[in-house]
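Below is one structure, written out as structure tokens; comments come after it.
Only the coordinates and a few stated rules stand behind these numbers; no lab work does. These numbers come from a predicted model, not from an experiment. Note that each Cβ is placed from the backbone with ideal geometry, even for glycine, and that neighbours are counted across all protein chains shown.
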């Protein structure tokens, strides 16, 4: 199944769920104590795309102001969750230099590549920007990282929750059921094929992060520059 089909199927299923008020509300966004942390390799979209995403979110906020909307500083595309966020994890449990060494090996011969953000999709718990990539660079990198870490003794949980095969960016999470369903769904439909733009990925970030990649909780561990 290609990315377009995957996103389409997810969208159709999720829109049906939203129409039926079958939401998966994130309880941690409603003042539940949250000490979940992990480490992630991610991509930051360029400013021009973030401005278009911000405009989309501003329109959604008018309709549903009480949902959780990502700030520009928090929007990201996950390459892989090396250690998926869990309660109580902290950096003292690992040697960060060991992780950087493995990633340096994985990034050998990995060149810059392009991501296109076009259209939106949804789930029972979120709204996402659809990401597309033409070369197999992202797949190659993810597979290489998974293999290298599986051959090491380092703590990791790559693909344990689910195998990451898309290039999406989550921008909205549901804190409560959507009240203005018709208007909300109409706006999602308006942006279903919207072209947010394309950018070249020239660097990756390894970060220590909370579940939502909030800027005030994220610590940059290493920035990797890709070859031109």
Worksheet item: For residue 31 and residue 61, FRET efficiency with R0 = 25 Å and r from the beta-carbon atoms, rounded to 0.05?
Response: 0.80
Practice prompt. Express in nm, to one decimal, how much length is gained between residue 16 and residue 2 on full extension, taking 0.36 nm for each residue of separation and deducting their alpha carbon distance.
Written response: 2.9 nm
Worksheet, complete the sentence: Per the 1/(1 + (r/R0)^6) rule, R0 = 22 Å and r from the Cβ atoms of residue 100 and residue 157, FRET efficiency to 0.05 is 0.75
Worksheet item: Is the range 84-228 rounded, prolate or oblate when judged by the Cα gyration tensor, a ≥ b ≥ c being the square roots of its eigenvalues, rounded requiring a/c under 1.5 and prolate requiring a/b larger than b/c?
Response: oblate
Worksheet item: So what's the back-of-envelope 222 nm ellipticity for the chain, counting only DSSP H runs of four-plus at -39500 (n - 2.57) apiece and dividing by all residues, rounded to 500?
Response: -9500 deg cm²/dmol
Discussion item. Using only the Cα atoms of the range 3-123, what are the Rg and Dmax in Å?
Written reply: 17.8, 48
Discussion item. What FRET efficiency comes out for residue 134 versus residue 73 if R0 is 41 angstrom and r is the Cβ-Cβ distance? Round to the nearest 0.05.
Written reply: 0.90
Worksheet item: With each pseudo-label sitting 7 Å past Cα toward Cβ, what's the residue 214-residue 51 distance in nm, one decimal?
Response: 2.8
Response to the item:
Under a Gaussian network model of the chain whose springs join Cα atoms within less than 10 Å, the largest fluctuation of 201, 172, 102 belongs to 102
Item to complete: Whole Å is fine, so just give me how far the alpha carbon centre of the range 142-196 lies from that of the range 35-98.
Response: 10
